[in-house]
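Okay, so here's the structure we're looking at.
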Amino acid sequence: MINSAIELSPKQAEYIREAHHLFNGKIGATQCGKTYIDTLYVIPHRIIERRGKPGLNFITGVSKSTLKRNIIEPLKELWGDNLVSDINSENVATLFGEKTYCIGAEKISQLSKIRGARIKYLYIDEIVDINEEVFNFLPTRLSFDYSICDFTGNPSYPTHHIKKFIERTDIDVYCQSLTLYDNLFLPPQVIKQYEAMYKGTVYFDRYVLGKWRRAEGAIYRKFADNPAPFMIPKPDPKTLDRINVGVDFGGTGSKHACVATAVTDDDKLIVLKAKSIPAKDTDTDDLITRFILPFAAGIEKEYGRLDGMYCDSAEQTIINTVRRRSDISVYNSIKNEINDRIRATVIAMGEGRFFIVENECADLVKGLTDAVWDKDEVNDVRLDDGTSDIDVLDAFEYSFEYYLYKFQR
């Protein structure tokens, strides 16, 4: 089925030869070619091979939107609309003449969409990031002697349940490990870009070397080692596409924080101003009239506008009061996964797309410099014990998380 004129890497060819077990997967670096070979050959081959046989086809991943981006759109690009349809409102796509359920598996509630299904082909995208209980249930639905599962993912911490699953000896698992350098078709400049992007962080080991590594030490290593290259003078407001303020509300032992950032037309992230104050002995009126509103007014005066304020959604009473007392457009923060926000910041720093206006952001500079991974946690957790200013980091992330996709790879 695969065109003999298409050149494969040794690892891709190996997968086609060897991946004939009950569970077959590829865990490794980003951009290492693991999903490409699946959309080019593996998924079409598996579905066509079982076409007409009893059972259902399932493609699962973190969410419906990531499945569309990672799997369905590449399949359509390679094979065309006649063989690959969009995902409809019932979470079904028609792939190579077969009805295929496309289900996000980020939450335990998704189990209801899988329960009772007898699966002949199962594909799991981003396996490391799907809900653990959903994953544990999926293998029980491979009900036929011709059932088969393929999966892909990036490595995480060494005690992750997926790593334990792969290493089990009582089930039939074939898993290939890949580094960035296994993709022989990446231009050298792209490889150098990823090396620079993740240098000095846990993400280098995971997303370049394809290793299961625990997150330790400074989170923003490149920044912590030398903040000076990230500092710039105040930018021309005409160069700024959107200016937002993020607000985090602290408890008794933490801080309230406001951070203003701008995203430019060429997708740079610039921190314009940052400030945090102790939450203790600060009532709601003081917080709003002496901190939040003056901070926002200062940004409007200095840059000519403020497009939106994104506040910690846990404090609706404070948010509603801010709305009543000002004409600012106030929104709830999305509260994306913290590690997604961290990785986006690391990428922006590594790619030279992150800057801070000098002399305006001392609290954030300290927060970024002091931020470390919690050494007592086996998974990736940012330390939050009062030794670093987590609140100013949250406010910073709230300010640009609606544009997180611009800083992800």
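Using the alpha carbons alone, the radius of gyration of the stretch 17-69 stands to its Kirkwood radius in an Rg to Rh ratio of 0.97.
What's the exposure ranking of MET309, MET197, MET231, going from fewest to most Cβ atoms within 10 Å? Don't skip to the answer; put the middle values down first.
Working: MET309 27, MET197 23, MET231 14.
The order, fewest Cβ neighbours first, is MET231, MET197, MET309.
Under the criterion of Cα pairs below 8 Å and six or more residues apart, the relative contact order for the chain equals 17 percent. The stretch 200-216 and the stretch 62-76 have Cα centres spaced 25 Å apart.
Values of log10 I(q)/I(0) for the stretch 24-113 across q = 0.13, 0.20, 0.23 Å⁻¹ run -0.43, -1.03, -1.31, by the Debye formula with one identical scatterer at each alpha carbon and no solvent.
Take every Cα pair under 8 Å in the stretch 246-309 that's 6+ residues apart, average their separations, divide by the length, and report that relative contact order as a whole percent.
Numbers: 76 pairs, mean separation 18.1, N = 64.
After rounding, I find 28 percent.
Take the Cα coordinates of the stretch 318-369, assign each an equal point scatterer, and use the Debye formula without solvent to give log10 I(q)/I(0) at q = 0.18, 0.20, 0.21 Å⁻¹. Those come out to -0.88, -0.94, -0.95, one per q.
Residues LYS273, LYS107, arranged from fewest to most other Cβ atoms within 10 angstrom of their Cβ, appear as LYS107, LYS273. All distinct Cα pairs of the stretch 221-407 go into the 1/r average, and the inverse of that average, the Kirkwood radius, is 16.6 Å. Distances between every pair of Cα atoms in the chain, grouped in 20 Å steps from 0 to the bin holding the largest one, split as 25, 49, 25, 1 percent. Build a GNM of the chain with springs between Cα atoms under 10 Å apart, and of ILE319, ILE171, ILE390 the one that fluctuates most is ILE171. Between the alpha-carbon centres of the stretch 315-338 and the stretch 90-120 there is a gap of 36 Å.
This ranking places SER399, SER63, SER326, SER156 by how few other beta-carbon atoms lie within 10 Å of each, fewest first, which gives SER326, SER63, SER156, SER399.
So what's the convex hull volume per residue for the Cα atoms of the stretch 76-209, in Å³?
Values: hull volume 21.3 nm³, N = 134.
Taking only Cα atoms, the stretch 76-209 has a hull volume of 159 Å³ per residue.
Here, each number is a calculation from the coordinates, and none is a lab measurement. Here the structure is a predicted model, which means the values were calculated and not measured. Cβ coordinates were reconstructed from backbone atoms using ideal geometry, including for glycine residues, and neighbour counts include every protein chain displayed.
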